[in-house]
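The values are calculated or read from the model by the stated rules, or taken from the named source; none is laboratory data. Here the structure is a predicted model, which means the values were calculated and not measured. Please note: Cβ atoms are built from the backbone with ideal geometry, for glycine as well, and neighbour counts cover all protein chains shown. The accessibility values were calculated without ligands, DNA or RNA, using every heavy atom of the protein model including side chains. Shrake-Rupley method; radii C 1.70, N 1.55, O 1.52, S 1.80 Å.
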Amino acid sequence: KAGVTQTPRYLIKTRGQQVTLSCSPISGHRSVSWYQQTPGQGLQFLFEYFSETQRNKGNFPGRFSGRQFSNSRSEMNVSTLELGDSALYLCASSLFSPRGSNQPQHFGDGTRLSIL
Amino acid sequence: KNQVEQSPQSLIILEGKNCTLQCNYTVSPFSNLRWYKQDTGRGPVSLTIMTFSENTKSNGRYTATLDADTKQSSLHITASQLSDSASYICVVSALSGGGADGLTFGKGTHLIIQP
């Protein structure tokens, strides 16, 4: 069974640009969550989608947005990039929403975004 | 406030030795506790998930323990190998409250195994 696939793996952008990251979950998984990981803050929750609906959103500005398609693939978009957006962006898929579920999340290897 | 604290922040041990990583949490109401291993440049991989009623769970040379009364968990690695060099992240799931997705993440323990 194929794992979670994130593209691209690496991305370099400049301040003010926008970026779109893609995530293909494990087949059959309907929940897709996005996280930002930085050395100082660890993993921080961005948002979760389940069956094309945003179920939860973390404490990030409106520049961060996402969506999920009918095949469960998900994209996240960051507009007007800032230096502080440099991070590893991880996508995780699971059968059910993480809250209260005993099923593990399966993570992709992330997209390393660097802002110059 | 729901929090997950991991210790130590970093640890260096010699290959073949055992080590124990700690996780203390204040998340309530508790649903489950997860340990993940994250290799450099890769995404986290699930090691164990423990519910309230489980005290111990093993995955090969990794053994996790949970004391729900004291809200503490530990991850014990036996006979360490070079491939165990990674960050180990403790995550606690709440039935309500907690992070927006119900998960509270620790900042991880960075483990280095030296030959």
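Only one of these is within 14 Å of another protein chain (Cβ to nearest Cβ), in contact with a strand residue (DSSP E or B) (Cβ under 8 Å, 6 or more places away or on another chain) and touching a residue at least 24 places away in the same chain (Cβ under 8 Å): B:GLY43, B:GLY106. Name it. Don't jump to the end; show me each part of the working.
Working: B:GLY43 fails: touching a residue at least 24 places away in the same chain (Cβ under 8 Å).
Being within 14 Å of another protein chain (Cβ to nearest Cβ), in contact with a strand residue (DSSP E or B) (Cβ under 8 Å, 6 or more places away or on another chain) and touching a residue at least 24 places away in the same chain (Cβ under 8 Å) holds for just one of B:GLY43, B:GLY106, which is B:GLY106.
Number of residues in the range A:80-91 that are more than 10 Å from chain B (Cβ to nearest Cβ) and buried (at least 19 other Cβ atoms within 10 Å of the Cβ) equals 4.
Starting from residues that are open to solvent by 50 Å² or more (accessible area, probe 1.4 Å), part of a strand (DSSP E or B) and touching a Ser or Thr at 6+ places or on another chain (Cβ under 9 Å), keep the ones in the range B:1-30 and report whichever is farthest from the other protein chains (Cβ to nearest Cβ). Among residues in the range B:1-30 that are open to solvent by 50 Å² or more (accessible area, probe 1.4 Å), part of a strand (DSSP E or B) and touching a Ser or Thr at 6+ places or on another chain (Cβ under 9 Å), the one farthest from the other protein chains (Cβ to nearest Cβ) is B:LEU14. Just one residue in the set B:THR104, B:THR109, B:THR40, B:THR51 is among the hydroxyl-bearing types (Ser, Thr, Tyr) and more than 26 Å from A:GLN6 (Cβ to Cβ); that residue is B:THR51.
Name the single residue, out of those in the range B:31-58 being charged (D, E, K, R) and under 30 Å from A:CYS23 (Cα atoms), that is most open to solvent (accessible area, probe 1.4 Å). Walk me through how you get there before you give the answer.
The first filter runs over the range B:31-58 and keeps only residues charged (D, E, K, R), leaving B:34, B:37, B:39, B:42, B:54, B:57.
Imposing the further condition that a residue be under 30 Å from A:CYS23 (Cα atoms) reduces the set to B:34, B:37, B:39, B:42.
Working: B:ARG34: 1, B:LYS37: 34, B:ASP39: 61, B:ARG42: 119 Å².
Once the filter is applied, the top-ranked residue is B:ARG42.
Just checking, does the range B:73-87 include any residue being of a type outside the set (Phe, Trp, Tyr) and touching a helix residue (DSSP H, G or I) at 6+ places or on another chain (Cβ under 9 Å)?
First pass over the range B:73-87, keeping only residues of a type outside the set (Phe, Trp, Tyr): B:73-87.
Now drop any that are not touching a helix residue (DSSP H, G or I) at 6+ places or on another chain (Cβ under 9 Å), which leaves B:77.
Looking through the range B:73-87, at least one residue is of a type outside the set (Phe, Trp, Tyr) and touching a helix residue (DSSP H, G or I) at 6+ places or on another chain (Cβ under 9 Å).
Is it the case, given these coordinates, that A:GLY66 is surrounded by 18 or more Cβ atoms within 10 Å (Cβ to Cβ) and at pLDDT 95 or above? So A:GLY66 fits the description; yes. Would the range B:59-79 turn up any residue that is touching a strand residue (DSSP E or B) at 6+ places or on another chain (Cβ under 7 Å), farther than 13 Å from B:SER93 by Cα, of a type outside the set (Phe, Trp, Tyr) and within 12 Å of chain A (Cβ to nearest Cβ)? Yes: one or more hits. Picking from residues in the range A:92-116 that are closer than 28 Å to A:TYR10 by Cα and of a type in the set (D, E, K, R), the one that is most open to solvent (accessible area, probe 1.4 Å) is A:ARG112. Does B:ASP84 fit the bill of being open to solvent by less than 30 Å² (accessible area, probe 1.4 Å), over 10 Å from the mean Cα position of the chain (by Cα) and either free of Cβ contacts under 8 Å to residues at least 60 places away in the same chain or away from every other protein chain (no Cβ under 12 Å) (or both)? When the stated conditions are applied, B:ASP84 passes them.
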